[in-house]
Every structure is written in structure tokens, then in C-alpha cells.
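K.L.:
Take a look at this one; I'll ask things after.
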Amino acid sequence: MTDVATLWSYLATTPLIWLTTTILAYLVADGMARHLGNPPWANPVLVSVLLIAPVLWLTRTTYATYFEGAQFIHFLLGPATVALALPLWDHRDTIRTSVAPIALALLAGSIVAAGSAILLARAFGLPMEVLLSLAPKSTTAPVALGISEAIGGIPALTAVLVILTGIIGAVTVTPLMNVLRITDWRARGFAVGVAAHGIGTARAFQVNPVAGAYAGIAMALNALLTSLIVPLLVRWLV
């Protein structure tokens, strides 16, 4: 037992084990979701969190230690965000003919997502640091972290809020759209891309390729617009 404990103490401090744990947890979660037919509640990101969190708790591993191992995946968020230019280019003809509705939907979604978070945080009396960390929650993580740091928020808290927003959006989008009787895949995809960034976009691709393409478009455009309007909303509302 002493040898096992010594071996684990060594492995727990090496980056490779947590990178491997993260990848394996996601593969298991994704396989489970596919086996169940990709229901909204079996979101792979959510299931991965539920698998990894007990392991970290049982092994008493700090977030800093875990992140040191998983930061390569975090680094890949940057290139993945840049790659969102591809759906923009692939659907350039559609975008060109629908500039007005896309622009209006994007503007409304971005303002409501950030503005409602700020106003609700103020209404509940949350500390200013939490309010500023919450404002960019609906955009993709690399952009949200940069905005949070620029306006005086806590980037680590913003990262958690971004993930929670994406998971909630991915889990609720399909039932919500069905209740609202919204059947246009373009509208469904665009809505989830604006509100729930990458995790919501991944869910949209699972449901329908057109919805996924428009979610990717919305996610990319929202990242750009949110970086412009959040600092202005913070100054105006706070």
C-alpha cells in the first residue's frame, strides 16, 4: 500500500495524468450520450464534469494542479475559436442575403445576454468582482476570459460561469425550442450559438447540421460583438 500511495503521489503531480483523465472522461461521456441517442440531459461536457469532480475530490487534487495537466486542452480553445471562420465563409452567400435579420438577432441576443446578467447580479447584491466576471458569460471561453480580465473581473470565475452557461443552454435548448414551436433550424442554431457558445454549438451539430452551422456563425459573431458591447454595458449599467 505504501508503494501504491507513493506512486500515486508522483503521478498526481504530473500533467499527463490529468490530461489523460480529461480525455478519457469525455470519451466515456460522449460514448454514453451516443448510446442513449444524444438526449439533452446526457451532455458530454456535463457528464465529464460529473466524472472528473469526484476523482479530484477523492484524490484531494487542487484546481491548480488539475489545470496544469489539462491546460493543453484550454490552449486548443484559441485555435478552435479562430476555426469558426470556416462556417462563416461556407455560408457567406446566405449571410449576405440575410444581413439585416442576422444583425438584429445578434445585437438583441448579445445585449440581453450581457445586460440581463449585469442587472440580475446588481438586483441580488452580488459583489462587483462577481458582476464583472458574469457579464461575458455567453461568449466563448478565450474571448470571455480576455473580456473579464480587461474589465476587472476574475477570469477563473468567468471560466466556470461560461461552462455553466454552455451546459445549461445545451441541455435546455431542444426542449425549449420545441415548446416555443420554433422549427426553423437556422433560427434554432443561431439562438443557441449566441446564448450558449461552443457547448451549445456542439449540441446543435448533434441535432441538425444546418442548426450547427448557424450556431457556429452566431458563436463567432457574438464573440466579436460581446467584446465590444460588454465594456460599454458595464460602464452604463454599473
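The values are calculated or read from the model by the stated rules, or taken from the named source; none is laboratory data. Just so we're clear, the structure is a prediction, and the values are computed from it rather than from any experiment. Every residue, glycine among them, receives a Cβ derived from its backbone with ideal geometry; neighbour counts consider all protein chains shown.
K.L.:
Among the listed residues THR97, THR140, THR62, which satisfies the condition of being among the hydroxyl-bearing types (Ser, Thr, Tyr) and surrounded by 13 or more Cβ atoms within 10 Å (Cβ to Cβ)?
P.N.:
Within the list THR97, THR140, THR62, the selection yields THR140.
K.L.:
Another one. Is it the case that ALA105 is in the same structural domain as ALA196 (by TED's automatic domain parsing), at pLDDT 75 or above and surrounded by 14 or more Cβ atoms within 10 Å (Cβ to Cβ)? If you could, list the steps in order and put the result at the bottom.
P.N.:
Values: in the same structural domain as ALA196 (by TED's automatic domain parsing): yes; at pLDDT 75 or above: yes; surrounded by 14 or more Cβ atoms within 10 Å (Cβ to Cβ): yes.
Yes.
K.L.:
Additional query: Can you go through VAL143, VAL160, VAL234 and tell me which one is of a type in the set (Val, Ile, Thr), without any contact (Cβ under 8 Å) to a residue 12 or more places away in the chain and either assigned to a helix (DSSP H, G or I) or in the same structural domain as PHE67 (by TED's automatic domain parsing) (or both)?
P.N.:
Criteria check complete, one pass: VAL160.
K.L.:
Same structure, new question: On the given criteria, is GLY200 closer than 21 Å to SER98 by Cα, crowded, with 23+ Cβ neighbours inside 10 Å and not aliphatic (A, V, I, L, M)?
P.N.:
Taking the combined requirement at face value, the residue does not satisfy it.
K.L.:
Is there a residue in the range 132-146 that is over 21 Å from GLY169 (Cα atoms) and under 18 Å from the mean Cα position of the chain (by Cα)?
P.N.:
Taking every residue of the range 132-146 in turn, at least one turns out to be over 21 Å from GLY169 (Cα atoms) and under 18 Å from the mean Cα position of the chain (by Cα).
K.L.:
Sort out which residues of the range 69-93 are of a type outside the set (A, V, I, L, M), out of contact with any Gly (no Cβ under 7 Å at 6 or more places or on another chain) and surrounded by 15 or more Cβ atoms within 10 Å (Cβ to Cβ), and write them in order of number.
P.N.:
GLY69, THR81, HIS91
K.L.:
Here's something else I'd like to know. So for the range 60-68 (the condition being modelled with pLDDT of 85 or more and of a type outside the set (S, T, N, Q)), does at least one residue qualify?
P.N.:
No, the conditions are met nowhere in the range 60-68.
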